[in-house]
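Okay, so here's the structure we're looking at.
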Amino acid sequence: MKFLPSFAALLGASLLAGCGNIQTVKSFSTAYQEPSDGERARVRIISDGMVRAVPKSACVDWRVPNAGVMVSSKKGFADQNNRTLNMPGEPVRLKSEGRTVVSEFYVPANEPLTFAYLSNGHTNNGKQVQCRVNKTFTPQAGKDYEARFVVLKSQDDKAFSWFNTSANNSCLSLITTLTADGMPDVTPANLVKPSDAALCHATDIL
């Protein structure tokens, strides 16, 4: 996880960086595109900020076909909030998270999928900063997943007491497999352990 300057500053820096970041800027106004055939999995996204996705890639690259925005809690972006695939169960609400948006998507299975999360910003030591998390994992065909990307404001939440979060104002990135009745499967054999995802191209910024 990283704490960054505000989104406006990041976007401005990306624009000033030149042509190499045109696709990066476009990724905020381009919607993620689901696969219509082939092996697929389903994922429910829960976030208090913006979550973009890069299919079939273990690193962040907005040049990849079908990459783009899944959800955004702020208006003005290519959000696809409130989409449903009738996945089982209801999202668990954490007391220590802010207002969240939820949406469900098909994703390619048996190939890496990378998420890029940007929070809406919060105050940290008197400065307005954003939380950025880039995570990658490989969904399995036919399985359902829940991916939560939020800023936790306290650690008094026991909904996920089995998950070890860090200090206050921490970035929570949590991906779980869902059981047939829609409950997170937290058995050790089925825990999803996403890896940190780097930029595919070092000159990209966001």
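The values are calculated or read from the model by the stated rules, or taken from the named source; none is laboratory data. Owing to the predicted nature of the structure, the values given are computational and were not obtained by experimental measurement. Here Cβ is always computed from backbone atoms with ideal geometry, including for glycine, and neighbour counts include all displayed protein chains.
Cβ-Cβ under 9 Å, sequence separation 6+ or interchain: first residue in the stretch 55-73 and without any contact (Cβ under 8 Å) to a residue 40 or more places away in the chain and on the phi > 0 side of the Ramachandran plot, partner assigned to a strand (DSSP E or B) and of a type outside the set (A, V, I, L, M, F, W, C). Which pairs?
66/55; 66/108
Report, by residue number, each residue of the stretch 176-206 that is more than 30 Å from residue 24 (Cβ to Cβ) and charged (D, E, K, R).
Result: 181, 185.
Give the residues of the stretch 83-97 that are farther than 23 Å from residue 152 by Cβ and out of contact with any Asp or Glu (no Cβ under 7 Å at 6 or more places or on another chain), sorted by residue number.
86
crowded, with 17+ Cβ neighbours inside 10 Å, under 20 Å from residue 178 (Cβ atoms) and under 13 Å from the mean Cα position of the chain (by Cα): which single residue out of 116, 53 fits that description?
Going through 116, 53 in turn, the sole match is 53.
What are the residues in the stretch 71-118 that are aromatic (Phe, Trp, Tyr) and assigned to a loop (DSSP other than H, G, I, E, B), if any?
77
Only strands (runs of 3 or more DSSP E) wholly contained in the stretch 119-206 count here; list those with 3 or more residues that are surrounded by 14 or more Cβ atoms within 10 Å (Cβ to Cβ) and either aliphatic (A, V, I, L, M) or at pLDDT below 95 (or both).
127-137, 144-152, 170-178
Hey, can you tell me all the residues within the stretch 29-63 that are within 13 Å of residue 114 (Cβ to Cβ), at pLDDT 95 or above and either assigned to a loop (DSSP other than H, G, I, E, B) or of a type in the set (Phe, Trp, Tyr) (or both)?
If the condition is that a residue be within 13 Å of residue 114 (Cβ to Cβ), at pLDDT 95 or above and either assigned to a loop (DSSP other than H, G, I, E, B) or of a type in the set (Phe, Trp, Tyr) (or both), then 32, 56, 57, 58, 59 are the ones that fit.
Can you tell me which residues in the stretch 56-67 are surrounded by fewer than 21 Cβ atoms within 10 Å (Cβ to Cβ) and of a type outside the set (Val, Ile, Thr)?
56, 57, 58, 59, 61, 63, 65, 66
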